[in-house]
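Take a look at the structure set out below.
The values are calculated or read from the model by the stated rules, or taken from the named source; none is laboratory data. Note that this is a predicted model, so its numbers are computed, not measured. Don't worry about glycine lacking a Cβ; one is built from the backbone with ideal geometry, like all the others, and counts go over all protein chains shown.
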Amino acid sequence: MKIIEKAIKEGKTTLSEYESKQVLAAYQIPVTREILVNDVKDLMNATQEIGYPLVLKGCSAEITHKTEKGLIKVDIRNDDDATVAFKEIMANMNGNENAVLVQEMVKGQRELVIGLTRDAQFGPCVMFGLGGIFTEILKDISFRVAPLEKRDALEMMHDIKGHRILEAVRGMEAADLDALADILIKVGQIGLENEKVKEIDINPVLISGSKPVAVDALVVLDL
Amino acid sequence: MKNLECFFRPRSLAIVGASDQAMRPGNILINNLVRFNYQGKIYPVNPKSKPILGLKTYSTISEIPGEIDLVFSLIGIEGNLGLIEECSRKGVKGLVVAAGGYSDGGNEGREKEKKLVETAHKYGMRIIGPNTVGYSNPYNNFILSMIDTKEPLKGRASFICQTGQFATNIIEWFMSFGKTGISQCIDLGNKADIDDSDVLEYLSEDPNTSAVGIYTETIKNARRFMDTASHISAKKPIVVFKPGRTKEGAMMARSHTGALVSDEKIINAAIEQAGLVRAYRVDEFLDMMRLFARGVRIKGNRVGIVTNTGAGAIMSIDTMEKYGLELAELAEETKNALIPIYASYQEPGNPVDIGPAINIKGAEESFKIALRAVDNDPGVDCILLISIAFHSNCFFVPDFGYIGAICKSLKKPVIASITGSETAYLSIYELLEPAGVLTYPGPEAATTGIGGGYQYTLGQKRTKGKSFFEK
């Protein structure tokens, strides 16, 4: 893929969130609608196109922990707030390629993680689990070796202890398992077809209504 | 380089580091070969030694007059590179390396191991080991092991091991469960060159092997392994016993054979995706292997239990859950057929506890009626027969010669659990096994065997006989 080749040429070991999602989107994985902007004029065009409420995120390949660095502003509802947030984020960034990602705000209470890891023995393996802060705290995750069949994808979702979160609970719709399975299969495919992709971390994948959407993503490369 | 005949059917064999002193590995190895009547030529090599067990001893490989197919090296790390050079001049095709301290000995050893394999490959030579004790094949009287080996029984199960002493140990252990024999037992040591996949391919062609048990601390060339193993397991079930699930256990595995350790969850997924059966404990491993060695297949998870001990049934039921087994729901007709052997206060059901009936109908009649009724039930996939055994005759325990004949006439596989002393167990084992009833020394062991059989069926439904990358 071009994005990957370009990053490698430039000696980058990670893709930015925006680039990472382009990789995912190229494999038909549903990602948030988003536009990358550098100035207030572009920002205004983008906010119009995406529509409020929205999320602004500092975006650069050099940044990985956005929340801790005050680079994420959520639930922005008008042009004034967007302009203030944009300026704050730009001021907080100290990298070379500063830009701000204007992103639709996906509503959903259930956060999942989907990832790819390259095991020294088994090669590309797909990971699934509870997302957000629970990934780190509970480590409720499962793996399958790529390539995955649909059956593998469905089984690995059922393998985690918290699998009932995917059911219709607390007035929420049941998660679309077919759509999730499709993402898992595609992530495995990315790993098989792109040797330079060392890791993928899509966290969170939000369940919006019943549909999964990749809200944040990181692709790590092997130079 | 696929042909491993030079390792497993060598016409001639040189032992470098042979010894004239009993109890030394270089002596035990030759003693095993002679004692079990190896048919090829044996050339002991040791510059200082007198004849060993009546065999002329040579001071170097080059001195040996005839051709040599295989060389077993018992010398230390330092000598092996030179030995390979010497072997290459004699046209040797295979080398077994016993020395430890390669990848099992830290970074420096890892480098030495790499060099060892590179040098061998340069001359078209292949290596088993290093860090191996050897291997055994009772069918062609070829016991190539530096451990004093008890005469192996011929059977249908082959084992591939990654660790020395255990490979030999497992043969004795396996045999002691009853009289289950082996077809081949191969210790691959550090698997620097020849690995599980190579040997699986070889064993898939071995007419004496019906199932393969793999003791492994690390899976090398893992994707090829998944592909090869999933393909072969369509015909020959493969049980993978990989210990080291805990962090500490995994660290021990690493220092033991220099193994690269993958995440436990990944290994589990891989084994499942390849349609293989996983064992976590050594008793579980052997219990499952016994079932496969006998060619028994468990087609579904619905177990019908016929027992003269309620306690045994409970132990079995507790073990069933782990393997996805279930107590079969008996049909009305089956229950009706059981009424004659049930006391008035009992409700016929599964497990079929014939304890009370024995007082009235006698053990043989009660077992016969129960076994036939359960066998006729379309909702039952296999029968678990549970009985106690005592040092003397007991009216609760039937004549198992008679019960064996009944079992033989049944349509479904019967697996038995006999609890009691070793003598009592073995006397019943002798009667049931010839009747085709796989007999275990306890309800958990028997249920584990059935569980392994069912896991295999599940795995085959998943892979549908195709290899991992064909899907």
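Looking only at the range B:318-338, count every residue that is within 25 Å of the chain's Cα centre (by Cα) and among the β-branched types (Val, Ile, Thr) and tell me the total.
1
Criterion first (out of contact with any Asp or Glu (no Cβ under 6 Å at 6 or more places or on another chain), surrounded by fewer than 24 Cβ atoms within 10 Å (Cβ to Cβ) and either modelled with pLDDT of 95 or more or in the same structural domain as B:Gly324 (by TED's automatic domain parsing) (or both)) does B:Arg302 satisfy it?
Values: out of contact with any Asp or Glu (no Cβ under 6 Å at 6 or more places or on another chain): no; surrounded by fewer than 24 Cβ atoms within 10 Å (Cβ to Cβ): yes; either modelled with pLDDT of 95 or more or in the same structural domain as B:Gly324 (by TED's automatic domain parsing) (or both): yes.
No, not satisfied.
Find the residue count for the range B:431-453, including only residues that are more than 17 Å from the chain's Cα centre (by Cα) and not hydroxyl-bearing (Ser, Thr, Tyr).
Start the filter on the range B:431-453 by keeping residues that are more than 17 Å from the chain's Cα centre (by Cα), which leaves B:431-437, B:441-444, B:447.
Retained after the next criterion (residues that are not hydroxyl-bearing (Ser, Thr, Tyr)): B:431-437, B:441-444.
Residues meeting the conditions: 11.
Taking the range B:217-244, which residues are of a type in the set (S, T, N, Q) and surrounded by 21 or more Cβ atoms within 10 Å (Cβ to Cβ)?
Kept after step one, since they are of a type in the set (S, T, N, Q), are these residues of the range B:217-244: B:218, B:221, B:228, B:230, B:233.
Within the range B:217-244, B:Thr218, B:Thr228, B:Ser230, B:Ser233 qualify.
Just checking, how many residues over the range A:120-138 are without any contact (Cβ under 8 Å) to a residue 12 or more places away in the chain and more than 18 Å from the chain's Cα centre (by Cα)?
Filtering the range A:120-138 down to residues without any contact (Cβ under 8 Å) to a residue 12 or more places away in the chain leaves A:120-121, A:133, A:136-137.
From what's left, more than 18 Å from the chain's Cα centre (by Cα): A:120-121, A:137.
Number of matching residues: 3.
For residues in the range A:111-135 being crowded, with 19+ Cβ neighbours inside 10 Å and in a loop (DSSP other than H, G, I, E, B), which is farthest from the other protein chains (Cβ to nearest Cβ)?
Going through the qualifying residues, I end up with A:Gly131.
Can you tell me which residue within the range B:217-228, out of those that are touching a residue at least 60 places away in the same chain (Cβ under 8 Å) and touching a Leu at 6+ places or on another chain (Cβ under 9 Å), is farthest from the other protein chains (Cβ to nearest Cβ)?
B:Thr228
If I filter the range A:136-146 down to residues being closer than 17 Å to A:Leu180 by Cβ and more than 8 Å from every other protein chain (Cβ to nearest Cβ), which single residue comes out as modelled with the lowest pLDDT? Give the steps one after another, and end with the answer.
Step one: of the range A:136-146, the residues closer than 17 Å to A:Leu180 by Cβ are A:140-144, A:146.
From what's left, more than 8 Å from every other protein chain (Cβ to nearest Cβ): A:140, A:146.
On the way: A:Asp140: 92, A:Ala146: 96.
Of everything passing the filter in the range A:136-146, A:Asp140 is modelled with the lowest pLDDT.
Among (1) basic (Lys, Arg); (2) touching a Pro at 6+ places or on another chain (Cβ under 9 Å); (3) at pLDDT 95 or above, which single condition is B:Lys154 missing?
Evaluating B:Lys154 over (1) basic (Lys, Arg); (2) touching a Pro at 6+ places or on another chain (Cβ under 9 Å); (3) at pLDDT 95 or above leaves (3) as the failure.
Which one of A:Ile114, A:Ile133 is at pLDDT below 90, in the same structural domain as A:Glu199 (by TED's automatic domain parsing) and farther than 17 Å from A:Tyr18 by Cβ?
A:Ile133
For the range B:444-471: of the residues being assigned to a helix (DSSP H, G or I) and over 14 Å from B:Glu284 (Cβ atoms), which is farthest from the other protein chains (Cβ to nearest Cβ)? Steps first, please.
Quick first cut of the range B:444-471, residues assigned to a helix (DSSP H, G or I) only: B:444-463.
So of that shortlist, the ones also over 14 Å from B:Glu284 (Cβ atoms) come out as B:457-463.
Working: B:Thr457: 16, B:Leu458: 11, B:Gly459: 12, B:Gln460: 14, B:Lys461: 10, B:Arg462: 7, B:Thr463: 10 Å.
Selected residue: B:Thr457.
Condition first: crowded, with 20+ Cβ neighbours inside 10 Å and not small (Gly, Ala, Ser). Now tell me which residues in the range B:377-391 satisfy that.
Taking the range B:377-391 as the starting set, the residues that turn out to be crowded, with 20+ Cβ neighbours inside 10 Å are B:377, B:380-387, B:389.
Within the range B:377-391, B:Asp377, B:Val380, B:Asp381, B:Cys382, B:Ile383, B:Leu384, B:Leu385, B:Ile386 meet the criteria.
Regarding the range B:114-126, can at least one residue be identified that is under 20 Å from B:Ser145 (Cβ atoms) and at pLDDT below 95?
no
Look at B:Ile406 and say whether it is out of contact with any helix residue (DSSP H, G or I) (no Cβ under 6 Å at 6 or more places or on another chain), among the β-branched types (Val, Ile, Thr) and over 21 Å from B:Ile314 (Cα atoms). Show your work before the answer.
Details: out of contact with any helix residue (DSSP H, G or I) (no Cβ under 6 Å at 6 or more places or on another chain): no; among the β-branched types (Val, Ile, Thr): yes; over 21 Å from B:Ile314 (Cα atoms): yes.
The answer is no for B:Ile406.
In this structure, does B:Val261 turn out to be assigned to a strand (DSSP E or B), on the phi < 0 side of the Ramachandran plot and either away from chain A (no Cβ under 14 Å) or modelled with pLDDT under 90 (or both)? Before you say what the answer is, go through the steps one by one.
Details: assigned to a strand (DSSP E or B): no; on the phi < 0 side of the Ramachandran plot: yes; either away from chain A (no Cβ under 14 Å) or modelled with pLDDT under 90 (or both): yes.
So B:Val261 does not fit the description; no.
If you take the residues in the range A:147-170 that are in a loop (DSSP other than H, G, I, E, B) and more than 10 Å from chain B (Cβ to nearest Cβ), which one is surrounded by the most Cβ atoms within 10 Å (Cβ to Cβ)?
As a first pass, look at the range A:147-170 and keep what is in a loop (DSSP other than H, G, I, E, B): A:147-149, A:160-162, A:167-170.
Next, from what is left, pick out any that are more than 10 Å from chain B (Cβ to nearest Cβ): A:160-162, A:167-170.
Working: A:Ile160: 19, A:Lys161: 12, A:Gly162: 13, A:Glu167: 11, A:Ala168: 11, A:Val169: 13, A:Arg170: 7.
Residue satisfying both the conditions and the ranking: A:Ile160.
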